[in-house]
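We did not get these values from a lab; they are worked out from the coordinates using the rules stated. Just so it is clear, the model here is predicted, and its values are computed rather than measured. All Cβ positions, glycine included, derive from the backbone under ideal geometry; neighbour counts span all protein chains shown.
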Amino acid sequence: MDILAHTLWVTAGAKKINKIREKKNLDKINLIRATFWGIFPDLFAFTIPFIILFWNIIKGQQPLNFIERHQISSGFDWVHYLYQYSHSLIIFVIIFLLIWLIIKKPPLPLLGWAFHILIDIPSHSLAFFPTPFLFPISTYVFPYGIAWSNAWFMIINYSALLIVWSKIIFEKYFKI
């Protein structure tokens, strides 16, 4: 899924969880942190290539196209390496548990990271960055994923986001 959609879904999810936690008199999840962790997997894998791309554009040089025909261009093979770490539920669980052990409470904003991975599993096809959610235990990827870049998928996804965010805004201003 694209980074804007991840941002909107994770923030909406964290707002819903906060509403539930508020009713139980529990601390709220920090929305900014949850949202950051919700886009972290893509930032981790793709920030450096995008910086190189924009730097070349600013310098007036031919931008390096690090994605060509749904494949990573040579010289950017390491993006797949970073991607498998940032999109693994196994790596997420290990880091989540380590932080929990260190700070002595569950780091709830990190759940945005898990939500990102869970959204990516069905919204990435085998043709382009299938989600290696079981790395490093298994190379299995969900074989029936739908490419999030398909026009019909984008229309459905953003329509659903429009409905969800309309409800959030409506509830906020009309105190439902």
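Before moving on, here are some points about what is shown:
- Summary of packing: across the peptides 161-172, 105-116, the per-residue average of other C-beta atoms within 10 Å ranks them, highest first, as 105-116, 161-172.
- Here K172 is the anchor, and the aspartates and glutamates within straight C-alpha reach of less than 17 Å, apart from those fewer than 8 places off in the same chain, are E22.
- In the chain, helical runs assigned H by DSSP with n ≥ 4 each contribute -39500 (n - 2.57); averaged across all residues and rounded to the nearest 500, the mean residue ellipticity at 222 nm is -20500 deg cm²/dmol.
- Straight-line reach from K105: taking Cα to Cα under 25 Å and skipping same-chain neighbours fewer than 8 places apart, the lysines in range are K15, K16, K19, K23, K24, K28.
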